[in-house]
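The values are calculated or read from the model by the stated rules, or taken from the named source; none is laboratory data. Keep in mind that what you see is a predicted model, and the values were worked out from it rather than measured. With ideal geometry, Cβ positions are generated from the backbone for all residues, glycine too; neighbour counts draw on all protein chains shown. These accessible areas exclude ligands, DNA and RNA; they are computed on the full protein's heavy atoms, side chains included. Shrake-Rupley method; radii C 1.70, N 1.55, O 1.52, S 1.80 Å.
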Amino acid sequence: MHAILFQMALIPFTMSRYTIATFSSSKLNKYLPLDKALRIHIHLGYTMVSIVFSATIVFFIFFGLSCSEGEEAFCDKFTSEIMITGYCILGILLLMAGTAFFRHSIPYELFYGVHFIFLAMYAIAVGE
C-alpha cells in the first residue's frame, strides 16, 4: 500500500511542467533525469496499475480459497469497505491505463479528460 501511495505522490510531479522547467535549468538536472519526465510518468503509471491489479488478483485468490473452505469471515471481506475502496481504485486505474494505452487512436480530449479522474482516486485513497 505504501508503494502505491508513494507512486501516487510522484506521478503528478512528473507532469508539473513549470516545476520541471525551473528545476531543469538548475544544477538539480544533473542528478535527476528531468528531461525524461514523461517517460517516468508513463512508467510509474503502468507500474502502479500492474501492482494494484496483481494485488487484487492475489487477494481474490487468498480470500476466495478461505471463503470456499467455509470461513464466513473471509467471505464478508469481499464486501468490506476497504475492498470496495480497492475495487474503485482498480477501476479508475484500469480506465486510465486503457485510455493511455490507446492514446494514439482515441481523441486527445478523451484521454486528457479521463486522466483527470485521478482526482477521484486520490480522494478515495486519502478518504480511507
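With all distinct Cα pairs included, what does the Kirkwood hydrodynamic radius of segment 1-51 come out to in Å, to one decimal, could you say?
11.5 Å
For mean projected area of the Cα convex hull in nm², the value computed from the atomic coordinates appears in the list [x] 9.4; [y] 12.1; [z] 10.0 under label [x]. Taking all protein chains together and rolling a 1.4 Å probe, Ile117 ends up with roughly 50 Å² accessible. When only the Cβ of Lys, Arg, Asp and Glu is charged (+1, +1, -1, -1), the dipole of segment 16-90 relative to its Cα centre reaches about 940 debye. Computed about its Cα centre, the charge dipole of the chain is approximately 980 debye, with only Lys, Arg, Asp and Glu carrying charge at their Cβ.
Positive end of the dipole of the chain (Cβ unit charges, origin at the Cα centre): among Phe101, Met121, Ser66, the Cα lying farthest that way belongs to Phe101. Counting only residues at least eight positions apart within a chain, or on another chain, the aspartates and glutamates with an alpha carbon under 18 Å from that of Lys27 are Asp35.
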